[in-house]
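Here the structure is laid out as structure tokens; the discussion comes afterwards.
The values are calculated or read from the model by the stated rules, or taken from the named source; none is laboratory data. These numbers come from a predicted model, not from an experiment. We place every Cβ from the backbone using ideal geometry, glycine too, and count neighbours over all the protein chains shown. Surface accessibility is based on the protein's heavy atoms, side chains included, excluding ligands, DNA and RNA. Shrake-Rupley method; radii C 1.70, N 1.55, O 1.52, S 1.80 Å.
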Amino acid sequence: MGDTVAEIIDVVASSAPEIRGGLTGRRRKADEQNPSGETQMAADVWADELLEERLTAIDGVGQFASEEREGVIDAGEGNYAVAVDPLDGSSNLKSNNSMGTVLGIYDAELPAKGTEQVAATYVLYGPITTMVVARDDEVTEFVIENDGTQRTVTEDLTLPDEPVVYGFGGRVPDWTDRFADYASEIEAELKLRYGGAMIGDVNQVLTYGGVFGYPELESRPEGKLRLQFEANPMAYILDAAGGASSNGTQSILEAEPAGLHERTPLYLGNEALIERLESTFA
Ligand code: P6P
């Protein structure tokens, strides 16, 4: 069996121009909800079907799971499981803001712990299409050309030592007191960069240094983002880039999954800022 991880990454890269090109005309709401109870956009459903067909066709892929589907799809005898958020931030489609595709590659049955990933990647549909890949403890950034080829632009991408930006989701009145205390410290030190799509907001942190959070909320102590499809892949990437992740008490990657669509509070960024969060929460 060839390098399945490389095959999976190549499928995501080669599909990126088609997904980006297909966003036009799919800005309407589908009349369905995803397993998290969120209204799906036509683009969510379309990107999910496209990636499911191409990723399950890879011999080494044994399981496919998506934020847009209830259960895990059996893809045959392969050793790897892929967990995909086909279009993270699709609510940004209407306002023509950044969004992207997130994918975690696990060598374990889903749902699985973040430490059971062997690679993770995201594609960012911004002014240009870029792709960030974490594998073998190293992060590489590519520009995805119109023909789907990957052009390396940053090797050994690491988080800048000096943090500059922060982005916190949820409604401020709904933040818990302990998160609000942490946020007011950070707001006094860093610049706000929040665009409403995790991938775009985390890409700012990876580029400039800082911290991203979609925190615990009074109304929703488990937060909004999904462990398998969003938190684990992004935590894997931040860890490989020299940063850190947390759910408020421990690294996201150590969190035991209770279910495929389980949500988690998510904090990502410079190690010192994540440590400060956990000590505020202790
Ligand atoms: P809110 C997008 O819908 C998403 O799943 C993440 O990409 C993003 O971080 C978050 O939800 C935004 O949520 O409540 O700010 O709209």
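Specify which of the listed residues (Glu18, Glu68, Glu32) is surrounded by fewer than 14 Cβ atoms within 10 Å (Cβ to Cβ) and either outside any helix (DSSP H, G or I) or touching a His at 6+ places or on another chain (Cβ under 7 Å) (or both).
Values: Glu18 fails: either outside any helix (DSSP H, G or I) or touching a His at 6+ places or on another chain (Cβ under 7 Å) (or both); Glu68 fails: surrounded by fewer than 14 Cβ atoms within 10 Å (Cβ to Cβ).
Just a single option satisfies the conditions, and that option is Glu32.
Determine whether Gly248 is part of a loop (DSSP other than H, G, I, E, B) and open to solvent by less than 10 Å² (accessible area, probe 1.4 Å). Write out each step before concluding.
On the way: part of a loop (DSSP other than H, G, I, E, B): yes; open to solvent by less than 10 Å² (accessible area, probe 1.4 Å): yes.
Judged against the criteria, Gly248 is a match.
Give the number of residues within the stretch 191-205 that are open to solvent by less than 20 Å² (accessible area, probe 1.4 Å) and over 15 Å from the mean Cα position of the chain (by Cα). Outline the logic, then answer.
Filtering the stretch 191-205 down to residues open to solvent by less than 20 Å² (accessible area, probe 1.4 Å) leaves 197-202, 205.
Then drop every residue that is not over 15 Å from the mean Cα position of the chain (by Cα), which leaves none.
Going through the stretch 191-205 one residue at a time, the tally reaches 0.
Could you run through the stretch 9-24 and say how many residues are closer than 13 Å to Asn96 by Cα, touching a residue at least 12 places away in the same chain (Cβ under 8 Å) and away from the ligand (no atom under 16 Å from the Cβ)?
Number satisfying all stated conditions: 1.
Thr152 versus (1) touching a residue at least 24 places away in the same chain (Cβ under 8 Å); (2) farther than 19 Å from Leu273 by Cα: which is the lone unmet condition?
(1)
Restrict the check to the stretch 217-234 and report whether at least one residue is of a type in the set (Phe, Trp, Tyr) and either more than 12 Å from the ligand (Cβ to nearest atom) or open to solvent by 10 Å² or more (accessible area, probe 1.4 Å) (or both). Step through it out loud before you land on a result.
Going through the stretch 217-234, the residues of a type in the set (Phe, Trp, Tyr) turn out to be 229.
Still in the running and either more than 12 Å from the ligand (Cβ to nearest atom) or open to solvent by 10 Å² or more (accessible area, probe 1.4 Å) (or both): none.
No - not one qualifying residue is present in the stretch 217-234.
Would you mention how many residues in the stretch 35-45 are open to solvent by less than 40 Å² (accessible area, probe 1.4 Å) and acidic (Asp, Glu)?
1
Please enumerate the residues belonging to the stretch 180-206 that are small (Gly, Ala, Ser), away from the ligand (no atom under 13 Å from the Cβ) and not in a loop (DSSP other than H, G, I, E, B).
Applying the first criterion (small (Gly, Ala, Ser)) to the stretch 180-206 yields 180, 183-184, 188, 195-197, 200.
So of that shortlist, the ones also away from the ligand (no atom under 13 Å from the Cβ) come out as 180, 183-184, 188.
Result: Ala180, Ala183, Ser184.
Any chance the stretch 206-216 includes a residue that's of a type in the set (Phe, Trp, Tyr) and either open to solvent by less than 20 Å² (accessible area, probe 1.4 Å) or without any contact (Cβ under 8 Å) to a residue 40 or more places away in the chain (or both)?
Of the residues in the stretch 206-216, the ones of a type in the set (Phe, Trp, Tyr) are 208, 212, 214.
Still in the list and also either open to solvent by less than 20 Å² (accessible area, probe 1.4 Å) or without any contact (Cβ under 8 Å) to a residue 40 or more places away in the chain (or both): 212.
Yes, some residue in the stretch 206-216 is of a type in the set (Phe, Trp, Tyr) and either open to solvent by less than 20 Å² (accessible area, probe 1.4 Å) or without any contact (Cβ under 8 Å) to a residue 40 or more places away in the chain (or both).
Considering only the stretch 172-179, I want to know if a residue exists there that is away from the ligand (no atom under 16 Å from the Cβ), surrounded by fewer than 20 Cβ atoms within 10 Å (Cβ to Cβ) and under 14 Å from Tyr267 (Cβ atoms). Before the answer, list the steps.
Within the stretch 172-179, the subset away from the ligand (no atom under 16 Å from the Cβ) is 177-178.
Next, only the ones that are surrounded by fewer than 20 Cβ atoms within 10 Å (Cβ to Cβ) stay: 177-178.
From what is left, the residues that are under 14 Å from Tyr267 (Cβ atoms) are 178.
Yes - at least one qualifying residue is present in the stretch 172-179.
So which residues in the stretch 49-65 are open to solvent by 10 Å² or more (accessible area, probe 1.4 Å) and within 15 Å of Ala112 (Cβ to Cβ)?
Across the stretch 49-65, the qualifying residue is only Gln63.
Enumerate the pairs (first residue in the stretch 264-282 and open to solvent by 60 Å² or more (accessible area, probe 1.4 Å); second residue anywhere and assigned to a helix (DSSP H, G or I)) with beta-carbon separation below 9 Å, excluding pairs fewer than 6 apart on the same chain, so at least 6 apart or on different chains.
Correct list of pairs: Arg276/Tyr182; Arg276/Glu185; Arg276/Ile186.
Cβ contacts < 7 Å: first residue more than 17 Å from Glu18 (Cα to Cα), restricted to the stretch 77-90; second residue of a type outside the set (A, V, I, L, M) and within 16 Å of the ligand (Cβ to nearest atom), any location; separation 6+ or different chain. Result?
Once the first residue is more than 17 Å from Glu18 (Cα to Cα) and sits in the stretch 77-90, its partners that are of a type outside the set (A, V, I, L, M) and within 16 Å of the ligand (Cβ to nearest atom) give Ala83/Gly104; Ala83/Gln228; Ala83/Phe229; Gly89/Ser98; Gly89/Gly100; Gly89/Gly196; Gly89/Gly200.
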